[in-house]
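**Student:** Quick one: this structure, given as structure tokens, is what I'll be asking you about.
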Amino acid sequence: MNFDYAYFIENYCSFFDEVVIAVNVSEDQTLNTLCDLMLKKYPNKLRVYACDYSYSDIDFDGKIKNYALSKCSNEICTLLDLDEEIPLYQK
């Protein structure tokens, strides 16, 4: 989508103890790019998981988000899209 995903991931990793991203099936390099970022920059905070929901399913967006939440290990979770920012002063 050509937005600065790395900025938002850095924002989340600066705020939360754990950041989980679910990547649905795509034809681009989204999954590989995020996995590389996870391994190189945030190996102890960022978790990236692949999922496979049909884009023709009207509920696919919610299913992807639920999948990401199911992979979270903390007791309290926050659900955000990858283009939403958290003001760090609110920590």
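**Student:** In segment 80-91, what residues are under 17 Å from Val25 (Cβ atoms) and exposed (fewer than 12 other Cβ atoms within 10 Å of the Cβ)? Even if it seems obvious, please write down each step before you answer.
**Tutor:** Initial filter on segment 80-91 (under 17 Å from Val25 (Cβ atoms)): 82.
Selection gives nothing.
**Student:** Does Asp57 meet the test of being in contact with a helix residue (DSSP H, G or I) (Cβ under 9 Å, 6 or more places away or on another chain) and assigned to a loop (DSSP other than H, G, I, E, B)?
**Tutor:** yes
**Student:** Within segment 15-41, can you find the residues that are outside any helix (DSSP H, G or I) and surrounded by fewer than 17 Cβ atoms within 10 Å (Cβ to Cβ)?
**Tutor:** Correct list: Asp17, Glu18, Val25, Ser26, Glu27, Asp28, Gln29.
**Student:** OK, next. I need the full set of residues from segment 1-14 which are under 11 Å from Lys45 (Cβ atoms), open to solvent by 20 Å² or more (accessible area, probe 1.4 Å) and in contact (Cβ under 8 Å) with a residue 60 or more places away in the chain, in order please.
**Tutor:** Across segment 1-14, the qualifying residue is only Ser14.
**Student:** So, one more: Which of the residues belonging to segment 42-79 are under 15 Å from Val19 (Cα atoms), out of contact with any Asp or Glu (no Cβ under 9 Å at 6 or more places or on another chain), of a type in the set (Ser, Thr, Tyr) and loosely packed, with under 15 Cβ neighbours inside 10 Å?
**Tutor:** Selection gives Ser70, Thr78.
**Student:** Now, a different point. Take Ala68 and tell me if it is modelled with pLDDT of 95 or more and outside any strand (DSSP E or B).
**Tutor:** Yes.
The values are calculated or read from the model by the stated rules, or taken from the named source; none is laboratory data. Here the structure is a predicted model, which is why all the values come from computation and not from measurement. Using ideal geometry, Cβ is built from the backbone for each residue, glycine included, and neighbour counts are taken over all protein chains shown. Heavy atoms of the whole protein, side chains included, go into the accessibility calculation; ligands, DNA and RNA do not. Shrake-Rupley method; radii C 1.70, N 1.55, O 1.52, S 1.80 Å.
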